[in-house]
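K.L.:
Here it is: the structure, laid out below.
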Amino acid sequence: MGIPVKLPVFEGPLDLLLHLIDKNKIDIYDIPIVEVTDQYLAYVRQMNHEDLDVMSEFMVMAATLIDIKCRMLLPKEVNEDGEEEDPRDELVQQLLEYKMYKYMSYELRDRMAEACKLVYKKQNLPKEVLRYRVPVETDKLLDGLTLEKLNDIFRSIIRKQEDKIDPIRSKFGQIEQEEVSMSDKMTYVEQFALKQRRFSFRSLLESQCSKTQVIVTFLAILELMKTGKISISQKEIFGDIEIESLETENREGQEG
């Protein structure tokens, strides 16, 4: 039977890399990438592979380490400024940021632990003390105050209130929404057409009491045309439009 090996639990691949760097006392700015990569892969091989999401993060970092390892074997890359680029720079920056946030989390955890130790006592003053108010001396409060000063204060307050009122909008009346039902207007036009049989389009619109009524009436006429209940004709260009009811014709066609 093999000897069971218990591995420490790491919160992520960067946590494992920091552990290896601290364990081997490595300078984070000069990481021996070959040594760290070998140790990192050894840890990954011994990890529990049940959680694929967690393992995928470690495998991505393993691929990154291998890529850096290969780039270290190649000639140095030169940037636009003519300086040699270190393939480890991006990884070093990630490790430094992770280390900073990790230590900050430790600091917050310690502060939370310290805060749990604090206790306080609720205020327990007698009711007489709570009800106590410092006496006000009216003579001193009104000292030097005259009717003229009171009048000036009153006028200044009224003036501020008047400044808040829009001189134009305040004269507007209350605008109420006009309720116009499309179905009611269609019924009205249909009954009007049945009664008049033939009438002027202009006269129908001129009889409406508002712009909204005119628009809805126009839409109602279009709907009645689509359903074949009325017809529209114009004898000459720019002439008046005549509307005629087709209700009787439709009924006769249905009976035939």
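The values are calculated or read from the model by the stated rules, or taken from the named source; none is laboratory data. Here the structure is a predicted model, which means the values were calculated and not measured. In this analysis, Cβ positions are derived from the backbone assuming ideal geometry, glycine residues included, and neighbour counts consider all displayed protein chains.
K.L.:
So V54 clears everything in (1) surrounded by 10 or more Cβ atoms within 10 Å (Cβ to Cβ); (2) part of a loop (DSSP other than H, G, I, E, B); (3) at pLDDT below 80 except one condition, right? Which one?
P.N.:
Condition (2) is where V54 drops out.
K.L.:
Moving on to the next point. Would you check which residues across segment 62-79 are part of a helix (DSSP H, G or I) and charged (D, E, K, R) and list them?
P.N.:
Residues satisfying the conditions are D67, K69, R71.
K.L.:
While we're on this one: Among the numbered criteria (1) surrounded by 10 or more Cβ atoms within 10 Å (Cβ to Cβ); (2) in contact with a strand residue (DSSP E or B) (Cβ under 8 Å, 6 or more places away or on another chain), which one does E90 miss?
P.N.:
Here E90 clears every test but (2).
K.L.:
Within segment 188-234, work out how many residues are among the hydroxyl-bearing types (S, T, Y), surrounded by fewer than 13 Cβ atoms within 10 Å (Cβ to Cβ) and within 15 Å of E244 (Cα to Cα).
P.N.:
Residues that pass the stated criteria total 3.
K.L.:
Separate question: Against the conditions (1) more than 14 Å from P13 (Cβ to Cβ); (2) not in a loop (DSSP other than H, G, I, E, B), where does D30 fall short? Just the number, please.
P.N.:
Only one criterion is unmet by D30, namely (2).
K.L.:
Also: Examine segment 11-19 for a residue that is modelled with pLDDT under 80, loosely packed, with under 10 Cβ neighbours inside 10 Å, on the phi < 0 side of the Ramachandran plot and not small (G, A, S), and state whether such a residue exists. Lay out the reasoning, then the answer.
P.N.:
Taking segment 11-19 and keeping what is modelled with pLDDT under 80, we get 11-12.
Filter once more, keeping what is loosely packed, with under 10 Cβ neighbours inside 10 Å: none.
No, segment 11-19 contains no residue that is modelled with pLDDT under 80, loosely packed, with under 10 Cβ neighbours inside 10 Å, on the phi < 0 side of the Ramachandran plot and not small (G, A, S).
K.L.:
Is segment 27-36 home to any residue that is more than 17 Å from E90 (Cα to Cα) and modelled with pLDDT of 80 or more?
P.N.:
Yes, that holds for at least one residue.
Conditions (1) part of a loop (DSSP other than H, G, I, E, B); (2) at pLDDT below 85; (3) not assigned by TED's automatic domain parsing to the domain that holds I243, marked per residue:
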site	(1), (2), (3)
I165	yes, yes, yes
E176	yes, yes, yes
C209	yes, yes, no
V216	no, yes, no
I221	no, yes, no
G228	yes, yes, no
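K.L.:
Do we find that M47 is hydrophobic (A, V, I, L, M, F, W, C) and not in a helix (DSSP H, G or I) in this structure?
P.N.:
Yes.
K.L.:
Are there any helices (runs of 4 or more DSSP H) wholly within segment 80-159 with 2 or more residues that are at pLDDT 85 or above and of a type in the set (D, E), and if so which?
P.N.:
89-116
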